[in-house]
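What follows is calculated from the coordinates using simple rules that are stated; it is not laboratory data. All of these numbers come straight from a predicted model, not from anything done at the bench. Methodologically, a virtual Cβ is constructed for each residue, glycine included, from the backbone with ideal geometry; neighbour enumeration extends over all protein chains shown.
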Amino acid sequence: MGLNIPIIYNTNGYENIETLKSLEGLIDVYLPDLKYGFNELGKKYSGVKDYFEIATKAIKEMERQVGSPKFDENKMIKRGIIVRHLIMPNHIENTKKVLRWFNENIKRTTYISIMTQYFPAYKANEYEDINRKITEYEYKKVEEYISKLGIENGYMQGLPEENEKQYVPKWEY
């Protein structure tokens with residue numbers, strides 16, 4: 001009927017390779033997160049083991065399937081992968097490890113999206129190290145590291161405004 005839109009798979013990145021292989025040819029755009037460069041953080045904050053090994057293998061499979069991003073004349077993505085990473089407070093070395101892996105293992109034409117909107121929600125107040133937003137210092141350190149690595153394709157959010165909590169739904173349990 002003339003509708004031609006890409007099928008987008010938005011994922012936390014912690015994916016089973018066999019599941020991804022079963023999706024081959026069905027997904028146009030993968031949007032995986034690469035949250036943790038250190039497995040200890042995946043275990044501590046998300047309760048998963050071997051996060052880094054599992055997520056990086058999954059991302060490589062996604063890239064194999066759809067390749068680097070391809071955009072239409074309006075700069076809308078039609079096919080490819082964009083890897084996302086959320087900077088967490090007190091964990092700049094985690095971000096650096098993720099960026100190093102991305103730079104060394106993913107095609108230079110693939111995009112990374114660095115997100116800065118972290119703020120403590122849900123059970124984050126149980127962890128002193130992540131019970132705050134990122135600082136301007138942390139933001140600048142990540143920005144400098146991206147430049148040092150020479151990563152050119154991607155996006156980096158600015159520091160969030162003070163009122164971002166108004167955009168978070170009120171979850172009822």
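Close contacts from the range 1-23, counting a first residue that is under 15 Å from Gly80 (Cβ atoms) and a second that is surrounded by fewer than 10 Cβ atoms within 10 Å (Cβ to Cβ), with Cβ to Cβ under 7 Å and a gap of 6+ residues or different chains, come to Ile7/Leu26.
Give Thr109, Thr116 a once-over and let me know the one that is surrounded by fewer than 20 Cβ atoms within 10 Å (Cβ to Cβ), in contact with a helix residue (DSSP H, G or I) (Cβ under 9 Å, 6 or more places away or on another chain) and of a type in the set (Val, Ile, Thr).
Thr116
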